[in-house]
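The values are calculated or read from the model by the stated rules, or taken from the named source; none is laboratory data. Given the structure is predicted, the values throughout are model-derived calculations rather than measurements. Glycine also receives a Cβ, built like all others from the backbone with ideal geometry; neighbour counts cover every protein chain displayed. Note: accessible area is taken over every heavy atom of the protein model, side chains too, but ligands, DNA and RNA are not part of it. Shrake-Rupley method; radii C 1.70, N 1.55, O 1.52, S 1.80 Å.
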Amino acid sequence: MNIIPRKVILGSSSIYRTILLSKYLPDFISISPNIDESERPKEPAKDLSLRLALEKATKIASNRPKDIVIGSDQVASFENVNIGKPMDRITAYNQMIQFSGKNVSFYTGAVIIIKELETVLSHVDKTIIKFKTFEKKELEDYLNSENRFNTTAGVRIESFPFQNLVDKIVTEDKEAIIGLPMIWLVKQIKNLQS
């Protein structure tokens, strides 16, 4: 009897998550879950990231019950306020100038579902970016180096000009800030495929 390996599905429209996962897993497909990502009143960033990851994975798994479905979402928290994607330069500037000399926490929630087996695994990574007290020009240099502002809190950790704004990054998984907690995710997928 031949056992057909389960396909891996990334429930995301994020190009950043797709690129990141492809570094570790060459054979997967991405499907946009198209869910309502509105936050609930007083919903903490950690809870919001995990709820949205679960909703994304659940929606895709309902149509792909035999597959390994990954859902993920990231929410930043600054002074107990959830921060999303700024989407334009002006919003990014107004938001990020407040980060000077302060900390921003990023919660990256991930969920893996195999509906057929009733498997649901979840994890939340917390990354703290400690910003140095930066000058307006340093922030402008970073923003001028970007042509898109579709990342959580406007942060692109892999950008060299962004590094000039940062004092320290505290994390257990250096790639979680890009959109997927890869240490946890790779371990879980290996276990599920063995």
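Here is the figure for segment 50-65: residues that are free of Cβ contacts under 8 Å to residues at least 24 places away in the same chain and surrounded by 14 or more Cβ atoms within 10 Å (Cβ to Cβ) total 1. Counting the residues of segment 24-40 that are farther than 17 Å from K59 by Cα and open to solvent by 50 Å² or more (accessible area, probe 1.4 Å) gives 5. Among the residues here, D47 does not qualify as touching a Gly at 6+ places or on another chain (Cβ under 7 Å) and either open to solvent by 70 Å² or more (accessible area, probe 1.4 Å) or outside any loop (DSSP other than H, G, I, E, B) (or both). Taking the criterion of being hydrophobic (A, V, I, L, M, F, W, C), within 20 Å of S14 (Cβ to Cβ) and open to solvent by 80 Å² or more (accessible area, probe 1.4 Å), the only residue of segment 142-194 that qualifies is I183. Only residues that are open to solvent by 30 Å² or more (accessible area, probe 1.4 Å), touching a strand residue (DSSP E or B) at 6+ places or on another chain (Cβ under 8 Å) and not in a strand (DSSP E or B) were counted across segment 66-82, and they come to 1. Selection over segment 114-141 of residues that are touching a residue at least 24 places away in the same chain (Cβ under 8 Å), surrounded by 14 or more Cβ atoms within 10 Å (Cβ to Cβ), more than 20 Å from the chain's Cα centre (by Cα) and farther than 26 Å from L52 by Cα gives a count of 5.
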